[in-house]
Amino acid sequence: MPSGRTICVIIGDISYDYTDELMRGMNEAAAQQGIGLFYMSGKQKNTAPIDSDREREAIQYFNSIYDYTELVGADAFIISCGSLSGFTDDRHYQEFLKRFKGKKRVVLHRSVAKAPGQAVILVDNYGSVCRLTEHLIADHGYRKIAFVAGPPDHPDGTVRERAYLDTMERHGLTVENGMLCRGDLSGFVSGVVNRLLDEHPGLEAIMFCNDEMVRTAYQVLAERGLVPGRDIAVTGFDDFTTGRTLSPPLTTISQQAMNTGYLAVMTAAELMEGKSPPVARMQTRMHVRASCGCALQMDGSIFEIENRGDEDYITRVAERLRNDLTQLYALDGHASLTELIDRILSCASSAALERRDAAGCGAELSAFLESGMDQYSTVVAQIANRLHSHLFKAGGINMCAAGLRLNQALLGILGALYAFEVQNSSLRYNRIRMQAWFAQEFIRDLVISDDEEDIVFRRAVDRLRHIGLEKVHICLLPVPRRANKQMDSDTSGRLLLAACQDGEVSVGYPRSRMPMLDAGSPLVGLPGLKGGDRLITFGIFSGDVQYGIFLCEADRRTLPILHILGLQLGIMANFLDLKSKERIVLGELDNTRERIEVLSFLSEYDPMCNVYNRRGFIEQAIRINRENEGRRAFCAFLDLDNLKGINDSFGHTAGDEAIVAASTILKHAVRSQDLVARVGGDEFIVLLLEDDPDFAVSFTARLAALFSRYNQASDKPYCIQASVGITEFVCRPGLEISKVIDRADKLLYAQKTQKNPNYRKTKIP
């Protein structure tokens, strides 16, 4: 959307009937005007009953998507107040709407104070519910009528609730305690309906604030053996797919959501042109069907009319059938549905008049249906069932020749409708199965791979593209943040483009090269957007941690799983974040381990001679004894002779050199696996495993030879000599190393008393 106009639509769950109709109207108007749409989608309707406190918390996480509206770069906003979740009172709505102060905006379904650049579109909720309640009271004589409202302070629900109460009061009817109750506008109201029926025996009618809750009510009534319209009246509000496809068909109010969506975009376009549209109030229409107890069945058959000629007869029968189907199924503002009914009757009428074969009539309709499968998939079965009931009723009457031909043509059409429904059901099943498989497998192998972040996100975008999503973009916060906490100044109003779909190519960016998105480079300039796009946007989060947003274009059939995919991306982002933190922690652990090794070396080794010190010797001696139980070993205690004289005569540097030389000689006298340690200023200990019982003699001789060889080769003015005491022991549990050392020490000093105190070399003249 680099060029052209863009509208940001603030909307709730996009996968249920109301928002679906609203978006269809918006898309139609936007296409006509060449306007791009950014849908910011909030929390999905409940798919299971959950604790209210946890629900409020979850709503906050989903609704964090609205924090990114400033980054869209939109020219105007549409706020669909009636579809939003998580606003528990009027104050919350008012606070939310303040975000858009100073911006061109269209507010749907909520009265707000007049302001520059603002337009309002309302629905006649009050009058329509009053008419529906009047119908139940005046036309049916019902007195005990319950009402299932929406959440407190819902912008539409509160008005509908007030209309019900006012109408009941005008007729002097009592609303008993508990007859006005609340649902959540989703399908999870079985407890509410059961409680109404249990606590209010003799209840004659239940009015619902929307059609979505009615679906569950029908199930509850069926479980109790009650039939809507016969045993208890049921009404709704919306007249979406839910109401038209229930059996018996639902008496409800059509609020023309599609027309509302269309008008919202056209009104926003006027605001962008500097105009000031007046407050618009959408008119509603009451659709009276069988669920309220009205008998909608025709007397006799549609074919039972006077024959005044073939063309006149066929035209009048077709008109009766058209009126019946339109009353039941045609939705206000849905030209496609009216077009389908007209096409059915046009095919049948022309085939009957022209005396064509019924099979050809069915084939013609099949081609028409396949050209618009997505438009008609939700209502074909209902039209077919209604048509079947008319044809079944006509089976026992005598028809004229024109009637028989029309009947045959309608039978051919009925076959085409059922064949289409079978095909469509198979496609729906395969699509649901594919989506269910994809949703759970989408990120499974991505989160266990060792790929870099850019590769993982690129592969994710590529997979989303292959299930039909277009213009996929994944944008990340510079730093993940907790939900409902203000971003710091360094990350506020900024996103990073992690991966995107640009045509047929999926691109991922390393973290250091992710393009920055901010007020100067808004979302409308994302790669691959041409203008007039219809992007749907979700938050990417895991738990209460926000990672960014996910944008894409999707058809209606894919909308139900987009929320799931957004959550999966949140899991993946969380996993990548944990992997990044793990790498940091492991790096720190490696550094710590190295430091510990250095400290351990320093604590156990003598740095001057590069051998173990006393502590290191004791630890290693204990280990050797433990690991070599039963083996013969020797401990040699060595003390440098005349070190004090060397220090006094030649300085301490010479003394240190003598100590280092002694340690070198000692290391040459033993094997690499033998233990050598400096345990005092001029004292050394050797511990080694040796099976030779004469080792002490041979070791003493070898050591003396090495000292003699060193002194002969050295240019130092002094000789290095050492006294040594060697003791033998056997490795065993409970051995006290200190006692072994003491024995060697005593032997050393016995030898030392016999040594020559002269350490100076004799000069040769």
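Within segment 162-190, how many residues turn out to be crowded, with 17+ Cβ neighbours inside 10 Å and among the acidic types (Asp, Glu)?
Adding up the residues that qualify gives 1.
Scanning segment 33-53 for residues that are within 17 Å of the chain's Cα centre (by Cα) and modelled with pLDDT under 70, which turns out nearest to residue 104 (Cα to Cα)?
Within segment 33-53, the match that is nearest to residue 104 (Cα to Cα) is 44.
Looking for whichever is at pLDDT below 95, in contact with a strand residue (DSSP E or B) (Cβ under 6 Å, 6 or more places away or on another chain) and aromatic (Phe, Trp, Tyr) here; the options are 208, 147, 237. Which one fits?
Working: 208 fails: at pLDDT below 95; 147 fails: at pLDDT below 95.
After ruling out the rest, the residue left standing is 237.
Just for segment 397-451: of the residues that are touching a Lys or Arg at 6+ places or on another chain (Cβ under 7 Å) and part of a helix (DSSP H, G or I), which one is modelled with the lowest pLDDT?
Initially, segment 397-451 is screened for residues touching a Lys or Arg at 6+ places or on another chain (Cβ under 7 Å), giving 405, 431, 442, 446.
Still in the running and part of a helix (DSSP H, G or I): 405, 431.
Working: 405: 88, 431: 70.
Checked segment 397-451; the qualifying residue modelled with the lowest pLDDT is 431.
Could you list, in sequence order, the residues of segment 54-92 that are farther than 20 Å from residue 564 by Cβ, modelled with pLDDT under 70 and within 20 Å of the chain's Cα centre (by Cα)?
Correct list: 56 only.
Which numbered condition trips up residue 573, out of (1) surrounded by fewer than 20 Cβ atoms within 10 Å (Cβ to Cβ); (2) farther than 30 Å from residue 698 by Cα?
(1)
Return only the number of the condition from (1) assigned by TED's automatic domain parsing to the domain that holds residue 214; (2) buried (at least 18 other Cβ atoms within 10 Å of the Cβ) that residue 106 does not satisfy.
Result: residue 106 passes all but (1).
Within segment 591-598, identify whether any single residue is of a type outside the set (Lys, Arg) and closer than 30 Å to residue 654 by Cα, and answer yes or no.
Looking through segment 591-598, at least one residue is of a type outside the set (Lys, Arg) and closer than 30 Å to residue 654 by Cα.
Considering each residue of segment 529-558, count those that are among the polar types (S, T, N, Q) and either surrounded by fewer than 16 Cβ atoms within 10 Å (Cβ to Cβ) or closer than 27 Å to residue 28 by Cβ (or both), and give that number.
Residues of segment 529-558 among the polar types (S, T, N, Q): 537, 542, 546, 558.
Applying the additional criterion that residues be either surrounded by fewer than 16 Cβ atoms within 10 Å (Cβ to Cβ) or closer than 27 Å to residue 28 by Cβ (or both) yields 537, 558.
The qualifying residues number 2.
Rundown of residues vs (1) surrounded by fewer than 12 Cβ atoms within 10 Å (Cβ to Cβ); (2) at pLDDT below 90; (3) in a helix (DSSP H, G or I), yes/no style:
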| residue | (1), (2), (3) |
| --- | --- |
| 728 | no, no, no |
| 733 | yes, no, no |
| 742 | no, no, yes |
| 747 | no, no, yes |
| 756 | yes, yes, no |
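Please indicate, with yes or no, whether at least one residue in segment 708-720 is more than 23 Å from residue 650 (Cβ to Cβ) and in the same structural domain as residue 627 (by TED's automatic domain parsing).
Taking every residue of segment 708-720 in turn, none turns out to be more than 23 Å from residue 650 (Cβ to Cβ) and in the same structural domain as residue 627 (by TED's automatic domain parsing).
Scanning for something within 14 Å of residue 718 (Cβ to Cβ) and crowded, with 19+ Cβ neighbours inside 10 Å, does segment 680-691 turn up at least one residue?
Yes, because at least one residue in segment 680-691 is within 14 Å of residue 718 (Cβ to Cβ) and crowded, with 19+ Cβ neighbours inside 10 Å.
Residues checked against (1) exposed (fewer than 14 other Cβ atoms within 10 Å of the Cβ); (2) at pLDDT 90 or above; (3) more than 20 Å from residue 455 (Cβ to Cβ):
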{"position": "484", "(1), (2), (3)": "yes, no, yes"}
{"position": "488", "(1), (2), (3)": "yes, no, yes"}
{"position": "496", "(1), (2), (3)": "no, yes, no"}
{"position": "499", "(1), (2), (3)": "no, yes, no"}
{"position": "509", "(1), (2), (3)": "no, yes, no"}
{"position": "513", "(1), (2), (3)": "yes, yes, no"}
{"position": "521", "(1), (2), (3)": "no, yes, yes"}
{"position": "524", "(1), (2), (3)": "no, yes, yes"}
{"position": "527", "(1), (2), (3)": "no, yes, no"}
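The values are calculated or read from the model by the stated rules, or taken from the named source; none is laboratory data. On a predicted model such as this, the values are computed, not experimentally measured, just so you know. Cβ coordinates were reconstructed from backbone atoms using ideal geometry, including for glycine residues, and neighbour counts include every protein chain displayed.
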